[in-house]
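A.B. asks: Sharing a structure with you now.
Bear in mind that the values in this text are calculations on the coordinates, not laboratory data. From a predicted model like this one, the values you see are computed outputs, not experimental measurements. Ideal geometry is used to build each Cβ from the backbone, glycine not excepted, and the neighbour counts take in all protein chains shown.
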Amino acid sequence: MTPPVRPSPARREPDPSAAQPAGPRRIHEVAAELGLTNRAIRYYEQVGLLRPARSGGAYRLYDQADVERLRSIQALRDDAGFSLADISALLSDQDAADDARTAYRATADPAERRRLLHDAVAREDRYLALLRGKVARLEAMIQAADERRARLRAKSAEL
């Protein structure tokens, strides 16, 4: 039996009329723009996937980088089916890659550049392993569905 497909409770349709101001935005504005709930965005912050700035009144303020990070979280979760733990690892690696790019450009030392490149290769290896694991699990699910379908066709042919 194939598992039911359930819509994500944290995903709503994006509001195309939601304004995209140039400056920092409050949580409800970002939620409307992306089709997320305020609660989902707060949860992403709670588990460390997001670190928005705070206003003087302690309101969360989201800049364009935060919005793009939320878009990445959505895509990894909804489109690629990654767990929040996997997303956390991927985002940490992305943050490290951004820092490494800056460090690479700031140094002319070949040994330091070699070390930074070695670290970058290790990050890509982790990413590829994660993707290959996802593909293997999906292939196993496809094989199981094919086998179920074959059994159903065989039973139908017996009738």
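A.B. asks: Once the principal axes of the Cα atoms of the stretch 82-159 are found, what is the range along each, listed largest first in whole angstroms?
C.D. replies: The Cα atoms of the stretch 82-159 stretch 75, 23, 13 Å along the principal axes, largest first.
A.B. asks: State, as an integer percentage, the relative contact order of the stretch 48-159 based on alpha-carbon contacts under 8 Å between residues 6 or more apart.
C.D. replies: Relative CO of the stretch 48-159 lands at 15 percent.
A.B. asks: Another one. For each of GLU158, GLU124, count neighbouring Cβ atoms within 10 Å of the residue's Cβ, then give the residues from fewest to most.
C.D. replies: GLU158, GLU124
A.B. asks: Normalized C-alpha radius of gyration of the chain, against 2.2 N^0.38 Å?
C.D. replies: Compactness ratio reported: 1.41.
A.B. asks: For the chain, take the longest principal axis of its alpha carbons; what is the angle in degrees between that and the long axis of helix 64-74, to the nearest 10 within 0 to 90?
C.D. replies: 20 degrees
A.B. asks: Listing GLU68, GLU33 from the residue with the fewest other Cβ atoms within 10 Å to the one with the most, what is the order?
C.D. replies: GLU68, GLU33
A.B. asks: Taking H placed 1.01 Å from N in the peptide plane, check which residues at least 5 places from GLY35 or on another chain put their amide H under 5 Å from its amide H.
C.D. replies: ASP15
A.B. asks: Note the full-extension length gain between ASP63 and ALA85 as 0.36 nm times their separation in residues minus their Cα-Cα distance, in nm to one decimal.
C.D. replies: 5.5 nm is the gain from fully extending ASP63 to ALA85.
A.B. asks: Which distance in nm do the two modelled labels at ASN38 and ASP95 give, with both placed 7 Å along the Cα-to-Cβ direction?
C.D. replies: A separation of 2.5 nm, rounded to one decimal place.
A.B. asks: Cα centroids of the stretch 118-159 and the stretch 42-67: how far apart, whole angstrom?
C.D. replies: Using only Cα atoms, the two centres lie 36 Å from each other.
A.B. asks: Then there is this: Any chance you could run the full-extension gain for ARG115 through LEU130? It's 0.36 nm times the residue separation minus the Cα-Cα distance, nm to one decimal.
C.D. replies: 3.1 nm
A.B. asks: What nm distance separates the two modelled labels at ARG51 and ARG149, each placed 7 Å from Cα along Cα→Cβ?
C.D. replies: For ARG51 paired with ARG149, the spin-label model returns 4.7 nm.
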